[in-house]
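Engineer: Below are the structure tokens for one structure; questions will follow.
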Amino acid sequence: MKKLKLALLTVAILFLAACNSSQGKEADEVVKIGVTSADTPYWTLIKEKAEKQGIQLELVEFSDYIQPNNALANEEIDMNSFQHLAFLGPAIAENGYDLVPIASTVITPTGIYSEKYKDLSEVPSGGKVAISDDPANLGRGLLLLQKAGLIKLKEGVSIYPTPEDIVENPKNLEITTMVSQQTARVLPDVDISLINNGIAGQAGLNFKDALLYDDPESEEARPYINVFAVRAEDKDNETYKKIAELYQEPDVKEAVKEDSNGGNIVVDIAAEKLQETLDELVEHVKKSNQ
């Protein structure tokens, strides 16, 4: 009889242990994050760290910069991490998205690259220029071309200038806009290309090899801070905040640096400050569109 009771007790303990194990597994929260490049060492590291905290990360990779915000607004993903505030601002103003930044990730310089020339003075008349077509990166690139002395924009232009705002183009440069991911791929076919360092790093380029790049630590660069974005209703979600905090850990920072050839600088800016900058950008875009 004692042996039977002992056997039944053992079975009960094993059953409860199995239930608890199953419940623990089910309790792991799955969070979908929209990115434009999932196959990076730092995301692998973040996924491992999150799993230890009971959070399963599913990285959803997008081939362009438009889809991740659509997917987030439509609840197809939970967060996204691919864009700076200057890109998010127009997306909100023009599409009515109710999205907010909950944490900063990196700030990356944009550079003018060439496979043909070692100095900007060598760029020929009628030279071909590749530049991103989205409003934020187009504007940033044009401002950099102006800094390089290759063009002049009209007075009082905002951070969102367009080719129509060019008032002087002494070399009669042929400026072609395209999706950001193409700016590195067409480098052999153009005289110069304006490439964001996130894309440049993936293409094996080092921003220090650029003929000119903007200063990522300047005050003017604040709109170009990259962020984790979520739906406004989730801005206080503790799980999402934990994921964002993992990005700031020393080994993740080092992995980000290595992945970008030293070009991506991890920054830690309070969500309130990020929101202030975003609100200013959204308001600016709305006024410009009136």
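Engineer: Considering (1) out of contact with any strand residue (DSSP E or B) (no Cβ under 9 Å at 6 or more places or on another chain); (2) in the same structural domain as residue 279 (by TED's automatic domain parsing), say which one residue 122 fails and leave the rest.
Structural biologist: (2)
Engineer: With respect to the numbered conditions (1) at pLDDT below 90; (2) assigned to a helix (DSSP H, G or I), which one is the sole condition not fulfilled by residue 242?
Structural biologist: Only one criterion is unmet by residue 242, namely (1).
Engineer: Please indicate, with yes or no, whether at least one residue in region 160-172 is of a type outside the set (D, E, K, R), in a helix (DSSP H, G or I), modelled with pLDDT of 95 or more and surrounded by 19 or more Cβ atoms within 10 Å (Cβ to Cβ).
Structural biologist: Within region 160-172, not a single residue is of a type outside the set (D, E, K, R), in a helix (DSSP H, G or I), modelled with pLDDT of 95 or more and surrounded by 19 or more Cβ atoms within 10 Å (Cβ to Cβ).
Each row is one residue, and each column tells you yes or no for (1) under 30 Å from residue 232 (Cβ atoms); (2) within 14 Å of the chain's Cα centre (by Cα).
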position: 52; (1), (2): yes, no
position: 94; (1), (2): yes, no
position: 101; (1), (2): yes, yes
position: 124; (1), (2): no, no
position: 157; (1), (2): no, no
position: 164; (1), (2): no, no
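Engineer: When the residues of region 97-148 are filtered to those that are part of a loop (DSSP other than H, G, I, E, B) and among the aromatic types (Phe, Trp, Tyr), which remaining residue is nearest to residue 224 (Cα to Cα)?
Structural biologist: Taking region 97-148 first, the residues part of a loop (DSSP other than H, G, I, E, B) are 97-98, 108-109, 114-119, 123-127, 133-134, 148.
Still in the running and among the aromatic types (Phe, Trp, Tyr): 97, 117.
On the way: 97: 19, 117: 27 Å.
My answer is 97.
Engineer: Same structure again: Within region 245-274, restricting attention to residues that are in a helix (DSSP H, G or I) and touching a strand residue (DSSP E or B) at 6+ places or on another chain (Cβ under 6 Å), which residue is nearest to residue 37 (Cα to Cα)?
Structural biologist: In this case the residue turns out to be 256.
Engineer: Something else: In region 185-206, what residues are surrounded by fewer than 20 Cβ atoms within 10 Å (Cβ to Cβ), free of Cβ contacts under 8 Å to residues at least 60 places away in the same chain and under 18 Å from residue 262 (Cα atoms)?
Structural biologist: Selection gives 203, 204, 206.
Engineer: Sort through 179, 123 and tell me the only one that's of a type in the set (A, V, I, L, M, F, W, C), more than 28 Å from residue 219 (Cβ to Cβ), in contact (Cβ under 8 Å) with a residue 60 or more places away in the chain and surrounded by fewer than 19 Cβ atoms within 10 Å (Cβ to Cβ).
Structural biologist: Exactly one residue qualifies, and that residue is 179.
Engineer: Hey, another quick one. Say whether the condition of being in contact with a His (Cβ under 7 Å, 6 or more places away or on another chain) and of a type in the set (Gly, Ala, Ser) is met by at least one residue in region 142-157.
Structural biologist: Within region 142-157 (the criterion being in contact with a His (Cβ under 7 Å, 6 or more places away or on another chain) and of a type in the set (Gly, Ala, Ser)), the answer is no, since none of the residues qualifies.
The values are calculated or read from the model by the stated rules, or taken from the named source; none is laboratory data. For clarity, every value in this text was computed on a predicted model and none was experimentally measured. Cβ coordinates were reconstructed from backbone atoms using ideal geometry, including for glycine residues, and neighbour counts include every protein chain displayed.
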